[in-house]
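Taken together, the values in this text are just the output of simple stated rules run on the coordinates, not laboratory data. Computed from a predicted structure; not experimentally measured. As a convention, Cβ positions derive from the backbone with ideal geometry for all residues, glycine included, and neighbour counts pool all protein chains shown.
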Amino acid sequence: DVPVYALIVDTRLRGSCGCNRYFCVITGVGPYYIKVGRVGATRMMCAEPMMQVEDRYLAALQKVSQFGFFFGQLVLGYEHDNKPQRLLFNPGPDEIPE
């Protein structure tokens with residue numbers, strides 16, 4: 001139950017990955033295809049389960065190459081071990097909680 005948030009404003013993606021806050025630039029490269037720039041994050045230490053979720057999320061985010069929507073959810077697609085994977089986000093507030 002580690003909260004992960006994403007907020008997209010213009011060409012910037014930022015949010016919370018559990019313990020730390022992250023940020024990056026995204027660019028469109030075609031219909032439903034995007035490129036995620038280098039991901040930066042704050043460097044606080046948290047409990048190990050939270051850090052594991054954060055590490056997996058940030059690694060996946062760096063590989064994202066597609067986006068779409070599915071029943072109101074934002075879907076970010078990427079590949080891991082040559083298999084399609086996806087990150088799903090429910091709609092939320094327009095601001096990331098502090």
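Overview of results
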| item | result |
| --- | --- |
| Cut-off 13 Å between beta-carbons: net charge of the residues surrounding Leu76, Lys and Arg +1, Asp and Glu -1 | +2 |
| Label-point separation, Lys83 to Ala47 (7 Å along Cα→Cβ), nm | 2.8 |
| Degrees between helix 48-63 axis and first principal axis of the chain (Cα, 0 to 90, nearest 10) | 20 |
| Of (1) 1.08; (2) 1.22; (3) 1.04, the label for Cα Rg over 2.2 N^0.38 Å derived from the coordinates | (3) |
| Exposed-loop-free span, longest in the chain, where trypsin sites (Lys or Arg not before Pro) count as exposed if DSSP calls them loop and at most 14 other C-beta atoms lie within 10 Å | 44-98 |
| In the stretch 29-83, the chymotrypsin sites (Phe, Trp or Tyr not before Pro) that fall in loop regions by DSSP, at most 12 other Cβ within 10 Å | Phe71 |
